[in-house]
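Below: one structure, written as structure tokens.
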Amino acid sequence: METVTAQDRTTAFDAAVAADERIEPRDWMPDAYRATLVRQIAQHAHSEIIGMQPEANWITRAPSLRRKAILIAKVQDEAGHGLYLYSAAETLGTGRDELLDKLHSGRQKYSSIFNYPTLTWADVGAIGWLVDGAAITNQVPLCRCSYGPYARAMVRICKEESFHQRQGYESLLALSRGTPEQHEMAQDAVNRWWWPSLMMFGPPDDESAHSAQSMAWKIKRHSNDELRQRFVDICVPQAETLGLTLPDPELKWNEDRGHHDFGPIDWTEFREVLKGNGPCNEQRITQRKRAHDEGAWVREAAAAYAAKHDTARHTAQAGAAPAAATAPLHGEATA
Amino acid sequence: MTAPTGTDRTAAPGTAAPVAAAPVTAATGTGRPEATSATTGTDPATTAAALALGDDALVLSHRLGEWAGHAPVLEEEVALANIALDLLGQARILLSQVGDEDELAYLREERAFRNLQLVEQPNGDFAHTIARQLYFSTYQAFLYAELARTEGPFTALAAKAVKEVDYHRDHAEQWTLRLGDGTAESHTRMQRAVDALWRYTGEMFQPVDGLTTTHGINWPALQGSWDQSIGETLRGATLTLPETPRSGAWAAGAGRQGLHTEPFGRMLAEMQHLHRSHPGATW
Amino acid sequence: MTESTDWPLWEVFVRSRRGLSHTHAGSLHAPDAEMALRNARDLYTRRNEGVSLWVVPSAAITASSPDEKDSFFEPAGDKPYRHPTFYEIPEGVKHL
């Protein structure tokens, strides 16, 4: 049998990406492609998990039983989405425990937006409308990402998330059309969440470190600025229907561009929050670590029980087989 | 009769008093109609029974909702939220049978709630939550199976809910086995939880009149089924069935009579504060 | 004993409705098969997506290697006579 050279493999990989074929877990792929995907998918998964916190903050205070049910279902979805994404990352040969370790020790990031506090009930609506709206704008193109398991996870997530944004919008609408106090609460929330939402698309294209390579690999399909502009254009008429103002005096329609112009984003704030100096960075990670640490005895108990009883006789031996690394459906880490 | 505890006892008519006798009053001074004014024309015993079952589900779903973001493993975030949502759904149907669900949930004072003391107990560690789930879901599974089997005001609700509840019970049993028969630490924690919550289990078998008269619930038989099932599960989990009293004279029937434990007031304060801060608002 | 308490990985297959095959939905972690089924139920069918579930330890699956895909799959490519469209039938012949 002829041997497959490294050159052949690179050529085959490049050709597959160029032809819009999907790369699958056991295919050969450049180390840097694998590393980029692990970093991005992990960050995305971490964002879902950390993102549960600001909204869960209001589950016990939700002002109607209907809103409470919606909020529990939404926060639950975020856990579910985190799980889909961790499982996509595991196909690249990196186990969930390793990823969680990196989250807990600050070596991997999550979306900075979740380092802002939810101060009032209206923040739950604003997160649904703006934060989920921005996330969906970012995520829809990822359904066509070159890496198969990530693309498939995103299809599922996008399908499920369509309710998230709508419930947020509906909730804000109820507040905006409610009592003066409720209206004010809604406006205040939009004032606080608008700019951080725009920052969710990442730094401007000319400063974005990873963008060009990710675009070439078709992990990413549109530039940060392109998606940000799309989001602004979508939000302006939605805000009008809500009867709320977006907190940007420079926001106006530009006939020539066919887009809305908007004011400068405070990238200093973005970088500070990213560095760990946001209002809730410490709190979010501390809670996540505490839940994980306090749950250790539960996870150990279940593993010990399984080892004792070997239920259904084919329990994959925990410990003996770190499943992610050996599972044939999954890739072998090359690094 | 002047001691504070004496006052309480007077307020709660003791174990012999039928649950239906306890008045259902909404908070006053909220500018909203009294919950009782919104009730449908069913008889008071049925109303009281709907409140008892509805409040159980409402309060337990609230406690489970507190786990969001704190569960020991991500898969369990999803599982606990599922159970919370099932219970909340049951609560909404039951409360709506009696009146406006939000008025009943948000505008009643602590003493007007009819839930078991068991379900209002704080989450504690995961073992306490599982023990609470085991005790309650086993009770609910047997009770709802009877309600679904018999003709009465709760047949339709129970027929739907019993499938949910069977799953809750399975979830609790699976975890009881794993915690009880897992590690030394998990065994200790699970035994502690099973023991600590035992004293709240007697109340479950205090007859709720509205269920006895309409569905013919046989409470001693219910308790027999429960005892047997719990005994088997605990033994299977290498745990010891508690032998301490399962309810003192004071506690018997307490939650069903509107007498609750201290943590419940704080739970309600948190649950109700936003709704109450905006009288008459819609959300 | 303590080297790893990581729960193993399981692959989840969901039958979305009767009459259809189980299809791969994703994976999850669970300490054993019973819990894997329950976790799969909670995670992959909470929007009514399934009527039946399979869970399989990921490590128990043997997969073909992408490196062998030429020898595995290409030989099937030049046998068009296995497909009904290969054959020419006069017009007007029915039920064939």
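So the label point goes 7 Å from the Cα of residue A:310 along Cα→C-beta, right? Which residues of segment C:36-72 then have their backbone N under 19 Å from it? Within reach of a label on residue A:310: C:36, C:56-61. Across peptide C:39-51, the average count of Cβ atoms from other chains found within 10 Å of a residue's Cβ is 5. In this view, the solvent-accessible surface of residue B:162, computed with a 1.4 Å probe and all protein chains in place, comes to about 30 Å². Can you give me the Cα centroid spacing of segment B:123-175 and segment A:1-47 in angstrom? Centre-to-centre distance over Cα atoms comes out at 49 Å. Solvent-accessible area per residue in segment C:4-64 equals 44 Å², computed with a 1.4 angstrom probe and all protein chains kept.
With Cα atoms defining each centre, segment B:100-122 and segment C:1-63 are spaced 38 Å apart in the structure.
Once the partner protein chains are put back, segment A:63-82 shows a loss of at least 50 square angstrom of accessible area, versus the chain by itself, at A:63, A:65, A:68, A:72, A:76 (probe 1.4 Å, ligands and nucleic acids excluded).
Take the alpha carbon gyration tensor of chain A, find the square roots of its eigenvalues, order them as a ≥ b ≥ c, and report rounded if a/c is under 1.5; if not, report prolate when a/b exceeds b/c, else oblate.
Oblate, since a/c reaches 1.5 and b/c is not below a/b.
Considering all C-alpha pairs of chain C, those separated by over 16 Å amount to 70%. Shown for the protein assembly as shown: the carbon plus sulfur share of the solvent-accessible area, taken with all protein chains present and a 1.4 angstrom probe, equals 54%. A Cβ-based charge dipole, computed about the Cα centre of chain C with Lys and Arg at +1 and Asp and Glu at -1, lands at about 740 debye. For the pair residue B:273 and residue B:238, the difference between a 0.36 nm per residue extended length and the Cα-Cα distance amounts to 8.3 nm. For segment A:74-172, the square roots a ≥ b ≥ c of the C-alpha gyration tensor eigenvalues yield an a/c of 1.5 or more together with a/b not exceeding b/c, which makes the shape oblate. Chains A and C together bury roughly 2900 Å² of accessible area, counting both sides, with a 1.4 Å probe on protein heavy atoms only.
If you take all other residues with their beta carbon under 10 Å from the beta carbon of residue B:215, and give Lys and Arg +1 and Asp and Glu -1, the sum is -1. Estimated from helical segments only, the mean residue ellipticity of the protein assembly as shown at 222 nm is -17500 deg cm²/dmol, where each DSSP H run of four or more residues counts as -39500 (n - 2.57).
Heavy atoms of the protein chains alone define the surface here; on that basis segment A:1-47 has 55 Å² accessible area per residue at 1.4 Å probe size.
What accessible area, summed over both chains, is buried at the B-A interface (1.4 Å probe, Å², nearest 100)?
What B and A bury together is about 4000 Å².
Quote the FRET efficiency, to the nearest 0.05, computed for residue A:155 versus residue B:43 with a Förster distance R0 of 41 Å and r equal to the Cβ-Cβ distance.
0.20
Between residue A:277 and residue B:192, the modelled label-to-label distance comes to 4.2 nm, taking each label 7 Å out from Cα in the direction of the beta carbon.
What is the sum of charges, Lys and Arg at +1 and Asp and Glu at -1, for the other residues whose Cβ falls under 13 Å from the Cβ of residue A:42?
Overall, the nearby charge balance is +1.
Judged by the mean number of other Cβ atoms found within 10 Å, the most tightly packed of the peptides B:263-274, A:213-224 leads the ranking A:213-224, B:263-274. Local charge for residue A:241 was computed over the other residues whose Cβ lies under 12 Å away, with Lys and Arg +1 and Asp and Glu -1, and equals -1. So how much accessible surface do C and B hide from each other in total, probe 1.4 Å, in square angstrom to the nearest 100? Heavy-atom accessible area buried at this interface is about 1100 Å². The angle between the Cα long axis of helix C:33-44 and the main principal axis of chain C comes to about 70°, on a 0 to 90 degree scale.
Expressed in nm², what is the orientationally averaged projection area of the convex hull enclosing the Cα positions of the protein assembly as shown?
40.5 nm²
Have a look at A:168, A:243, A:258 and tell me which one the Gaussian network model of chain A (Cα, springs below 10 Å) gives the largest fluctuation. Top of the fluctuation ranking is A:258.
Per-residue shielding of B:83-90, expressed as the average number of other chain Cβ atoms within 10 Å of the residue Cβ, stands at 3.
The values are calculated or read from the model by the stated rules, or taken from the named source; none is laboratory data. Note that the structure is predicted; figures quoted are calculated from it, not measured. Positions of Cβ are generated from backbone atoms using ideal geometry, with glycine treated the same way; all protein chains shown enter the neighbour counts. Keep in mind that these areas ignore ligands, DNA and RNA; they rest on the heavy atoms of the full protein, side chains included. Shrake-Rupley method; radii C 1.70, N 1.55, O 1.52, S 1.80 Å.
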